[in-house]
Each structure stands twice: as structure tokens, then as C-alpha cells.
1. Calculate how steeply helix 3-16 sits against the longest principal axis of the alpha-carbon atoms of the chain, using the helix alpha-carbon long axis, and give the answer as 0 to 90 degrees to the nearest 10.
2. Please report, to one decimal in angstroms, the Kirkwood hydrodynamic radius of the chain built from all distinct Cα-Cα pairs.
3. Given R₀ = 35 Å, FRET efficiency for residue 151-residue 2 by Cβ-Cβ distance, to 0.05?
4. In which sequence would 104, 19 go, from the one with the fewest C-beta neighbours within 10 Å to the one with the most?
5. For segment 83-159, report the convex hull volume of the alpha-carbon atoms normalised per residue, in Å³, without decimals.
6. Measure nothing fancy, just the Cα-based angle from helix 44-56's long axis to the longest principal axis of the chain, in degrees from 0 to 90, nearest 10.
7. What do you get for the angle between helix 135-158 and the principal long axis of the chain? Use alpha-carbon atoms, 0 to 90 degrees, nearest ten.
8. Calculate the spin-label point distance for residue 17 paired with residue 143, positioning each point 7 Å from the Cα along the beta-carbon direction, and give it in nanometres.
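What follows is calculated from the coordinates using simple rules that are stated; it is not laboratory data. All values reported here derive from a predicted model rather than from experimental measurement. Positions of Cβ are generated from backbone atoms using ideal geometry, with glycine treated the same way; all protein chains shown enter the neighbour counts.
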């Protein structure tokens, strides 16, 4: 197995076990992350996001497949997270394509692509189904995700 493929496999295997410490050890110190729910995050924000998601996961399972090394730096893979969305108690099956840039044995850029409108329909029910494709709803979802992350980060600093 190629070194970059090993790192990606370690990351998603750890995620399937909700092991945020191992996940975050796969990242560079200055990791940059982007996805439709959280938007652009950097460094400690990224590490805290994974810690928060792992610690708050309910009825969680994850599968990953199709790890593709596009060249010596870039890779992509598919992963599916199945879980209960804590705010509504609704079941979500989110199909995601991850794009990663790796350097010196670490992931330095990570972007997850998925249809936020499809996620919203599952997680939020009829409101997500009706409005999940609209910009104001996407901004509301992102604002809520950021607010939850900031709250989690500030609670960690108090300890």
C-alpha cells in the first residue's frame, strides 16, 4: 500500500471507531478543511470539529471505499456516514466524496463534497426537503454548525 493510501485508510478506520485523536494525527498542524455544512475551517477548528462529531455521534457507522491516488499529492475516496442527527432524532445516510492533498506523510488539505440539500431533507425533515436547496437555508445550516463548533471549542478551553 502506498504511504498516502495508508494515511487515508488510517484516517477513515479511526473515524469508523470514533477515534478523533488518531484522525487528527493524520493531519498537518496547519490543516485546511472545507465542507458544505461547516464551510472553511483551519488548524484547531478542524481538529475540534472531528472531536465534537466523534463525541456527539449517535447510532454511528461509517464505510469508506475507492481510495484513489490521483498523483503524488492528491487523492480522493468515497465514504458514507450513517447516524442519528442529534437535533432532530432523524436518521441520516450521507454519501460523501473526500478530496485530499497530502505532503510529508500528513493530510494538508481536506475537502468533503456532498449535497447539502439531500442531507437537510434527511436531517431536518419537511423543512429541509422544502428549503434545503435555498441559499438562506444553507447559510442557516452552516451558521448553526459553526455556532455548535464554537460552543464546543469554548467548553474545551474552560477545562
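1. Approximately 30 degrees, to the nearest ten.
2. 16.2 Å
3. Efficiency at R0 = 35 Å is approximately 0.35.
4. With the sparsest Cβ surroundings first, the list reads 104, 19.
5. 132 Å³
6. Helix 44-56 sits at roughly 60 degrees to that axis.
7. 70 degrees
8. 4.0 nm
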